[in-house]
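In what follows, a single structure is set out as structure tokens and then discussed.
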Amino acid sequence: MQVSHGILCTRGVQPEGRRRRGGRSEIMAVTIVCVVRYELGRQPANTKLSSNKTVRRVRVRGGNVKWRALRLDTGNYSWGSEAVTRKTRILDVVYNASNNELVRTQTLVKGAIVQVDAAPFKQWYLQHYGVEIGRKKKAAAKKEGEETTEAASTEEVKKSNHVQRKLEKRQQDRKIDSHIEEQFGGGRLLAAIASRPGQCGRCDGYILEGKELEFYMKKLQKKKGKGASA
């Protein structure tokens, strides 16, 4: 709240920098500036990770509309090397370069590193390549034993020759990062948020791969080591 020449002004951003300073006329030398809507200094969204999805419609400058996400737990995540995008659940916020408090409060912001559910990507990989990734060796051996015993009662659905040839051709060029394959075993993938939930009402991003994935894995390992020593 500010009083300027008898006019009551309400604004979020205070225009102290516009005040002229110096000389005898310093007291009365106040630059009169109209109150503008983009200087409201609106409260940040602080989007929280929650299953109770809440998105608010906000009318902004020029009659345009923004969507203020207050609580979210899903988003569209892209697997760049495979050129595939799937809607998946956000399970946890694990790292934020700007502020560790945002990790503690599970706040979803652009650039935050999160863990997402690997199931939709695992299902796509099986359908596209005919290969189930992330299976542990012991579990795989146990499953194979069960399949042999149940072979008499339930027949496996046979694929046509055309489908088999198509899968074989795809498998020739199949490559997967060893770190990502390990993550599939745990059912969680590390991903980065690329959208701005407080502006567009969505929490979309991409799965971390290559050098970027290694960088954040080191950061998380270092953070875990500090926590253990404390």
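For this structure, a couple of remarks:
- Flag if V84 is modelled with pLDDT of 90 or more and assigned by TED's automatic domain parsing to the domain that holds V114: yes
- Take the conditions (1) modelled with pLDDT of 95 or more; (2) in a loop (DSSP other than H, G, I, E, B); (3) outside the structural domain of F184 (by TED's automatic domain parsing); K110 misses just one of them, which is (3).
- Condition met for K110 (of a type in the set (K, R) and surrounded by 18 or more Cβ atoms within 10 Å (Cβ to Cβ)): no
- Single condition Q164 does not satisfy, out of (1) more than 21 Å from G130 (Cβ to Cβ); (2) without any contact (Cβ under 8 Å) to a residue 60 or more places away in the chain; (3) among the polar types (S, T, N, Q): (1)
- For A118, the criteria (1) surrounded by fewer than 18 Cβ atoms within 10 Å (Cβ to Cβ); (2) closer than 18 Å to D177 by Cα hold in every case but one, which is (1).
- Here D204 meets the list (1) farther than 29 Å from K53 by Cα; (2) within 11 Å of the chain's Cα centre (by Cα); (3) of a type in the set (D, E) almost entirely, failing just condition (1).
The values are calculated or read from the model by the stated rules, or taken from the named source; none is laboratory data. All of these numbers come straight from a predicted model, not from anything done at the bench. FYI the Cβ positions are ideal-geometry reconstructions off the backbone, even for glycines, and counts take in every protein chain you see.
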